[in-house]
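Let me begin by presenting the structure, written as structure tokens, before commenting on it.
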Amino acid sequence: MKKSILALLAFVLLLGCGKKTSLTEEEITTYTEKGKAISQATFMALSTQLKQAMQSGGVEQAAQFCNIVALPLTDSLSRQQNAVIKRTSLKLRNPLNAPDSMEIVMLEMYDMMSKMRNPVLVPKILEKNADEIQFFAPIQIKNETCLKCHGVLGQTMSEEDYAFIKQHYPNDQATGYKMDDVRGMWSITLKR
Ligand code: HEC
């Protein structure tokens, strides 16, 4: 298992180095900035609404909010930005956020990097095809609030709140996280 991950990593790194074909340094900067701006705007939109829901009805209401609103919100921002905005993870809550094969490789890479002593968790750009560029960026747990719904059961996350989450996501895997852990990744497909 470890070996295959290392092989995949090597593959990605080689791909990154050997494939400097059509993307210029300038394009890489442009798309990185664009991806960053879109992911930050989406994060802001999600967390503003999440905060409001938490204030009015605690985790119970907020989890319901995520259940109903998270995907439609990213979809409408996608249309607005003329991009495809996706949040994905190796440990999913909503199966609709499942990673594709390239996203799995990138998630494994960020996961591995995060375990290093001085992790360098930076966005990456990949030429998807002639018309599309894909932007990846790790999503880290930087806020204690995240742990209320993704933390350690019985410690940072209450049994009661988790029972509620489980009602909506019976196959949930997105728990057990601590501060600074990589929870998942942005994968944003941009038009060229
Ligand atoms: C009130 C509970 C709650 C809080 C707080 C919360 N989340 Fe979530 N999170 C959810 C739910 C519910 C989903 C599933 C959303 C959906 O249906 O698309 C989710 C999905 C995600 C996903 C998409 C991948 C997946 O597993 O489906 C990521 C990434 C994520 N959360 C990160 C975070 C981060 C980072 C924070 C803190 C800023 C956070 N969450 C705070 C409940 C929460």
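No lab work stands behind these numbers, since they all come straight from the coordinates. No experiment lies behind these values; they were computed from the predicted model shown.
Show log10 I(q)/I(0) for the chain at q = 0.09, 0.14, 0.18 Å⁻¹, two decimals, from a solvent-free Debye sum over equal Cα scatterers.
Each listed q maps to, in turn, -0.35, -0.84, -1.31.
Mean separation of Cα pairs under 8 Å and 6+ residues apart, divided by the residue count of the stretch 27-135: what relative contact order is that in percent? Walk me through the numbers before you get to the answer.
Numbers: 66 pairs, mean separation 25.1, N = 109.
Relative contact order of the stretch 27-135: 23 percent.
Given the options Val105, Val152, Val120, which has the most mean-square fluctuation in a GNM of the chain, springs set between C-alpha atoms less than 10 angstrom apart?
Val120
Can you give the relative contact order of the chain as a percent, counting alpha carbon pairs under 8 Å and 6+ residues apart?
Numbers: 246 pairs, mean separation 51.5, N = 192.
The normalised contact order for the chain reaches 27 percent.
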